[in-house]
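Here the structure is laid out as structure tokens; the discussion comes afterwards.
The values are calculated or read from the model by the stated rules, or taken from the named source; none is laboratory data. Every value quoted in this text rests on a predicted model; they were computed, and no experiment measured them. Cβ coordinates were reconstructed from backbone atoms using ideal geometry, including for glycine residues, and neighbour counts include every protein chain displayed.
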Amino acid sequence: MTQLVAALVIWGLVLCLLPGTTRRMDHSILIAALTIATSLTLNIDPIYLALDRALGSRNVLDVCANILMVVGIYFLSKAILGAADPREDMARKDSIGLGILCLVILGLIVAFVQIDATDSSTNFMKDYGDQWAAAVYSAIQFIYIGAVVALTGVVCFRFRGDMARPYFRIGFTLIGIGCVLALVLALSVLGMDIAHLMGDVRTMAALSLVYDASVVGAMTFLCIGLALPPVARRLTGRSDLKRVIELGESLAPVWEKMTEARMETRLPPPAVTDEQVDAANRRLHRMLVEIQDALLMEPATATLLSNRDRETLSRAEDYLASHRGSRIDAIGGSEKARRNLHR
């Protein structure tokens, strides 16, 4: 049941990430989500038994699922570390990280072939964890996972205050909490492995409760934290698009009035379409620039502006200033035009 809940949570993250696939340059988070979701799905009992029997009932599917998990953890860490500190030498970091990942995968395979596991088992470590080879097999995976999520969590808490947008700060905080819970998960597994080798059933039972809670908790916090920025960006983008189109519509009559005598230099009449925010912002900016050009070349045209026109210009100007980080005179106008506009 734990694996099913965790798998459903991370498949939900995949669905949140898919809409932005074509616009996103780095697909590390999507790759991580897909590989981790596939790993957890393969560990759902009916799926595991059916597929492993098709592979010879030798628990080959267990090592395949665990390899997918460490690969997913690598890509997850790569994406988060890159987002937190883009100034880092990512090429060097990737080469070191990939080298460690390859060693971990090789270690998993070598340890797995030493385990005497003749029948398909949905509780692999419970059934075979009394073997040293199985303990090493589990330790390799969870020491790697613990180390990676610990580093990732530290980076999230360190850089979350540097994020410009609130949803990034909240997202990094949630991811950091998820990493803490994932570290608890890794430590609980290592504790269960040691207890199993020592035959301490009571400790195994207690740690299994910690494991179940930390699996669901870690996946929930990580997935919400990772899904929040792209979902928030899409919602913000829709709101911004609606706002900039409304501003363009209200500014169009002012633009027509002010540029009527400069037909040869102005852009075609603006049409309101379902366009991207950046394109709509550029159109609004161009209209404001052409209005300012008219004011610069013919200051007397400022008398054509009514109080309502001036309010419309100010709203458009303030919108671009808040979304482009500069005032209208910094993006194409001048102080003289500004004086003509507001006198």
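Residue check: Leu106 meets all listed conditions (1) touching a residue at least 24 places away in the same chain (Cβ under 8 Å); (2) surrounded by fewer than 18 Cβ atoms within 10 Å (Cβ to Cβ) but one, namely (1). Suppose the filter is free of Cβ contacts under 8 Å to residues at least 40 places away in the same chain, in contact with a Ser or Thr (Cβ under 7 Å, 6 or more places away or on another chain) and of a type in the set (A, V, I, L, M, F, W, C); does Ala79 pass it? In short, no. For the range 204-233, the set of residues classified as within 21 Å of Gly191 (Cβ to Cβ) and among the polar types (S, T, N, Q) consists of Ser208, Ser214, listed by residue number. Only one entry in Val244, Val254, Val189, Val215 is crowded, with 17+ Cβ neighbours inside 10 Å, closer than 30 Å to Thr38 by Cα, more than 25 Å from the chain's Cα centre (by Cα) and of a type outside the set (Lys, Arg), namely Val189. Only residues that are over 21 Å from Ala33 (Cα atoms) and polar (S, T, N, Q) were counted across the range 139-186, and they come to 0. Tallying residues that are at pLDDT below 85 and not in a loop (DSSP other than H, G, I, E, B) within the range 98-123 yields 0.
With respect to Leu42, determine if the residue is aliphatic (A, V, I, L, M) and modelled with pLDDT of 85 or more. For Leu42, the condition - aliphatic (A, V, I, L, M) and modelled with pLDDT of 85 or more - is met.
Picking from residues in the range 31-81 that are among the small types (Gly, Ala, Ser) and not in a helix (DSSP H, G or I), the one that is surrounded by the fewest Cβ atoms within 10 Å (Cβ to Cβ) is Gly56. Of all residues in the range 286-343, those being assigned to a helix (DSSP H, G or I) and at pLDDT 50 or above number 36. Since Glu88 meets every condition but one in (1) farther than 13 Å from Val60 by Cα; (2) modelled with pLDDT of 90 or more, which condition does it not meet? Unmet for Glu88, out of (1) farther than 13 Å from Val60 by Cα; (2) modelled with pLDDT of 90 or more: (2).
If you go through the range 149-160 and keep only what is among the hydrophobic types (A, V, I, L, M, F, W, C) and within 16 Å of Ser214 (Cα to Cα), you end up with Val149, Ala150. The single residue among Tyr137, Tyr167 that is in the same structural domain as Ser77 (by TED's automatic domain parsing), surrounded by fewer than 22 Cβ atoms within 10 Å (Cβ to Cβ) and among the aromatic types (Phe, Trp, Tyr) turns out to be Tyr167. Entry remark, the range 188-204: residues being in a helix (DSSP H, G or I) and either more than 16 Å from Ser138 (Cα to Cα) or of a type outside the set (A, V, I, L, M) (or both) number 7 in total.
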